[in-house]
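The values are calculated or read from the model by the stated rules, or taken from the named source; none is laboratory data. The shown structure was predicted, so the numbers you read here are calculated from the model rather than taken from an experiment. A quick note on method: Cβ atoms are made from the backbone with ideal geometry, for glycine too, and the neighbour counts reach across all protein chains shown.
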């Protein structure tokens, strides 16, 4: 093929440019981390608000895989995630103790609320969650539990313990474990007019409320602690520890904390920053 | 006499427990026209397939010898199978399977279609053709290969009388070019018209092997003559 | 019923508004399931044809196994592929978990048994009609099988569309190996699952209607291509 010299040069230029462009795309693709988090956090919409701000600040893409807390931690244990962002302090501390991460940083709190039918047959309405749960057990009102090893499920079990009630023993039929996420549990409660413990974030974005209302809120024991952990590269060498650390640093920095506080649904703030100033 | 084209020496064919052919001795010379007759299940189809080489002998031998190159064998079945392609494309597939180069394929295809009178229908879907036309296509496929041996398994059994006559004249035209013919048929008139030699099969055994004139005129074993008499209304 | 009516109009609005995020999700669904079907077709047709013409002891067991795999739950495929691709698993170093590549692999595995089992039946039945003829024309068993696939190409197309339907409509496998990551591995079905669990039922149904609409357009395109073939006549898929 006898190409005109200038045409040949143009062809080389185009090839070089596309080579660079591809390299650029590949390069951009390299700057991402996988974050294992919970379905309730994702469904609250926080990530849709927070992560674009982080990308602007650092150029790093955060790919969120939303699972139950137990599953999220297992995913990180297997090395399939670079950073973990969940809300089960006990499980997180075990994660660190087992050597999968060097440190847990507290990030924010949100709270749980007890949701139930507006008619409130068990008369659970009030400010004391332990008392409310006691009344639910006493009246045999139907309660939907997530039953899925999630942070919310763990919190729920702790609250039953606080109330001195063993929910699975007493009145089996009225304690229903669905093994599902927060949204489906709320759907079930909505369609059967049952009681359910939910995180405020999911509740505020939940659209299928039916007759459900918030019945108990504000009790200190209902507060839900979030922590971030970077998976240790000593344990899983392929993990993008530096990039993950950038995220952990940012989310606990004044900028990240302010972004968290700025997230509102219907004018209501969902998450309250708690990172310790360094 | 020149050496035989194909020899079956005490050949038997078994399918599992069933013996379809037993101890068949047959030699075929170039240019011969053989008719195979016998009741259903007597082994005519198996014998044809053995002659082609589609089934192996369970015992005995099948020996084929040509002048230098391996002889080409083509076969026609009672119900022609045509692919859901055009008439010409069906021919191409047959020629392509035999490894013929492209230019030669095109030339032979056109020639064969003309010979059987299907050149006007070359672009039509082959499945749209009538039974007789499809059998003509099968003949074209066979002809295009320039076979040394042409085997036919009741080729006109499923056709109406006018289609029958067309096919018979085409078969005769092929045979006139020197192609060796072995044809199984229920139609004794057809056997009389087309064959030089008739072979009668019964329960997998080759019972009679006679020139056509002798077959129809001489005294025959009772079973054979019963068979013939039973078949007579079909002539 | 109100929800269904609301969802229908919501679906229309979604399509008309041409929301970029929605079309990204639709495009990803088509690319993932389309690629999986192409790969599955190559493997499935080969396997099906081979099973139709092969003769050996143990063939029956293989066929039984294949037919049983027709009932393979998509979640199970997802789990198996996840274990394979996880960093803790044998193919971990490839680092393709939670990417569209992993989803393609999982869906390919899902459709191969379907394509293989159905094409095997197709070739077997066709061999009964034309096997002898093709054999006598000099075709090896596998080549005869391939020719018969060409012969039955409209039926093969239906098989492929069935496989595509199975792939694009499944949620279990892509959820587990893809992780439903926003903007990266979120496809139509995982988006529907997400909106359902968030309680936004009208949107979930609307997305379902959009999915059916997209598949409907694909089928229309296939019909149009077929109609141009003179051999198609009444063979519209």
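Does residue A:97 satisfy being over 16 Å from residue A:155 (Cβ atoms) and at pLDDT below 95? In short, no.
Condition check ((1) surrounded by fewer than 20 Cβ atoms within 10 Å (Cβ to Cβ); (2) more than 30 Å from residue B:133 (Cβ to Cβ)) across all residues:
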{"site": "B:11", "(1), (2)": "no, yes"}
{"site": "B:19", "(1), (2)": "yes, yes"}
{"site": "B:24", "(1), (2)": "no, yes"}
{"site": "B:37", "(1), (2)": "no, no"}
{"site": "B:75", "(1), (2)": "no, no"}
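Consider residue C:115 carefully, then state whether it is touching a helix residue (DSSP H, G or I) at 6+ places or on another chain (Cβ under 6 Å) and either within 29 Å of residue B:126 (Cβ to Cβ) or within 14 Å of chain A (Cβ to nearest Cβ) (or both). Yes.
All of (1) surrounded by fewer than 23 Cβ atoms within 10 Å (Cβ to Cβ); (2) within 13 Å of chain C (Cβ to nearest Cβ); (3) within 25 Å of residue B:36 (Cα to Cα) hold for residue B:141 with one exception: (1). Taking the criterion of being away from chain C (no Cβ under 11 Å) and modelled with pLDDT under 90, the only residue of region A:182-199 that qualifies is A:199.
Mind listing just one residue for me: the one in region B:89-129 that is assigned to a loop (DSSP other than H, G, I, E, B), within 14 Å of chain C (Cβ to nearest Cβ) and over 20 Å from the mean Cα position of the chain (by Cα) and, of those, surrounded by the fewest Cβ atoms within 10 Å (Cβ to Cβ)? Before you say what the answer is, go through the steps one by one.
Just the residues of region B:89-129 that are assigned to a loop (DSSP other than H, G, I, E, B), to begin with: B:98-101, B:117-118, B:122-124, B:129.
From what is left, the residues that are within 14 Å of chain C (Cβ to nearest Cβ) are B:98-100, B:122-124, B:129.
Within this subset, residues satisfying the condition of being over 20 Å from the mean Cα position of the chain (by Cα) are B:99-100, B:122-124, B:129.
Details: B:99: 8, B:100: 18, B:122: 16, B:123: 10, B:124: 16, B:129: 19.
Once the filter is applied, the top-ranked residue is B:99.
The set of residues in region A:31-60 being within 12 Å of another protein chain (Cβ to nearest Cβ) and buried (at least 20 other Cβ atoms within 10 Å of the Cβ) consists of A:33, A:34, A:35, A:36, A:37, A:39, A:40, A:42, A:43, A:44, A:47, A:51. Only a single criterion out of (1) more than 30 Å from residue A:138 (Cα to Cα); (2) within 14 Å of another protein chain (Cβ to nearest Cβ); (3) surrounded by fewer than 20 Cβ atoms within 10 Å (Cβ to Cβ); (4) in contact (Cβ under 8 Å) with a residue 24 or more places away in the chain is not satisfied by residue A:179, namely (1).
Does region C:117-125 include one or more residues that are crowded, with 22+ Cβ neighbours inside 10 Å, closer than 30 Å to residue B:142 by Cα and without any contact (Cβ under 8 Å) to a residue 40 or more places away in the chain? Within region C:117-125, none of the residues are crowded, with 22+ Cβ neighbours inside 10 Å, closer than 30 Å to residue B:142 by Cα and without any contact (Cβ under 8 Å) to a residue 40 or more places away in the chain. Just to be sure I understand, how many residues within region A:207-233 are crowded, with 16+ Cβ neighbours inside 10 Å, farther than 30 Å from residue A:102 by Cα and within 14 Å of another protein chain (Cβ to nearest Cβ)? Selection size over region A:207-233: 2. With the condition kept exactly as written, say whether any residue in region C:47-63 is in contact (Cβ under 8 Å) with a residue 12 or more places away in the chain, within 30 Å of residue C:191 (Cα to Cα) and assigned to a helix (DSSP H, G or I). Looking through region C:47-63, none of the residues is in contact (Cβ under 8 Å) with a residue 12 or more places away in the chain, within 30 Å of residue C:191 (Cα to Cα) and assigned to a helix (DSSP H, G or I). Against the list (1) within 27 Å of residue A:34 (Cβ to Cβ); (2) out of contact with any helix residue (DSSP H, G or I) (no Cβ under 7 Å at 6 or more places or on another chain), the condition residue C:110 fails is (2).
Selection of region B:172-194 for residues being more than 13 Å from residue B:150 (Cβ to Cβ) and buried (at least 19 other Cβ atoms within 10 Å of the Cβ) yields B:185, B:187, B:188, B:190, B:191. Across region C:188-203, the qualifying residues are those that are more than 9 Å from chain A (Cβ to nearest Cβ) and touching a residue at least 40 places away in the same chain (Cβ under 8 Å), and the one among them that is nearest to residue A:68 (Cα to Cα) is C:191.
Just one of the listed residues (C:167, C:227, C:221, C:155) is surrounded by fewer than 16 Cβ atoms within 10 Å (Cβ to Cβ) and under 23 Å from residue C:111 (Cα atoms), namely C:221. Residue B:187 satisfies every condition listed in (1) under 21 Å from residue B:120 (Cα atoms); (2) touching a helix residue (DSSP H, G or I) at 6+ places or on another chain (Cβ under 8 Å) except (1). Evaluating residue A:109 against the criteria (1) away from chain C (no Cβ under 14 Å); (2) in contact with a helix residue (DSSP H, G or I) (Cβ under 7 Å, 6 or more places away or on another chain); (3) closer than 30 Å to residue A:234 by Cα leaves one unmet condition, (2).
If you check residue C:69 against the conditions, is it more than 13 Å from chain A (Cβ to nearest Cβ) and at pLDDT 95 or above?
On the way: more than 13 Å from chain A (Cβ to nearest Cβ): yes; at pLDDT 95 or above: yes.
Criteria met by residue C:69.
Can you go through C:138, C:130, C:89 and tell me which one is within 13 Å of another protein chain (Cβ to nearest Cβ), assigned to a helix (DSSP H, G or I), touching a helix residue (DSSP H, G or I) at 6+ places or on another chain (Cβ under 8 Å) and at pLDDT below 95? If you could, list the steps in order and put the result at the bottom.
Working: C:138 fails: assigned to a helix (DSSP H, G or I); C:89 fails: assigned to a helix (DSSP H, G or I).
From the options C:138, C:130, C:89, the qualifying one is C:130.
For region A:112-137, enumerate the residues that are touching a helix residue (DSSP H, G or I) at 6+ places or on another chain (Cβ under 7 Å) and either surrounded by 23 or more Cβ atoms within 10 Å (Cβ to Cβ) or in contact (Cβ under 8 Å) with a residue 60 or more places away in the chain (or both). Those that are touching a helix residue (DSSP H, G or I) at 6+ places or on another chain (Cβ under 7 Å) and either surrounded by 23 or more Cβ atoms within 10 Å (Cβ to Cβ) or in contact (Cβ under 8 Å) with a residue 60 or more places away in the chain (or both): A:112, A:113, A:114, A:115, A:122, A:124, A:126, A:129, A:130, A:133.
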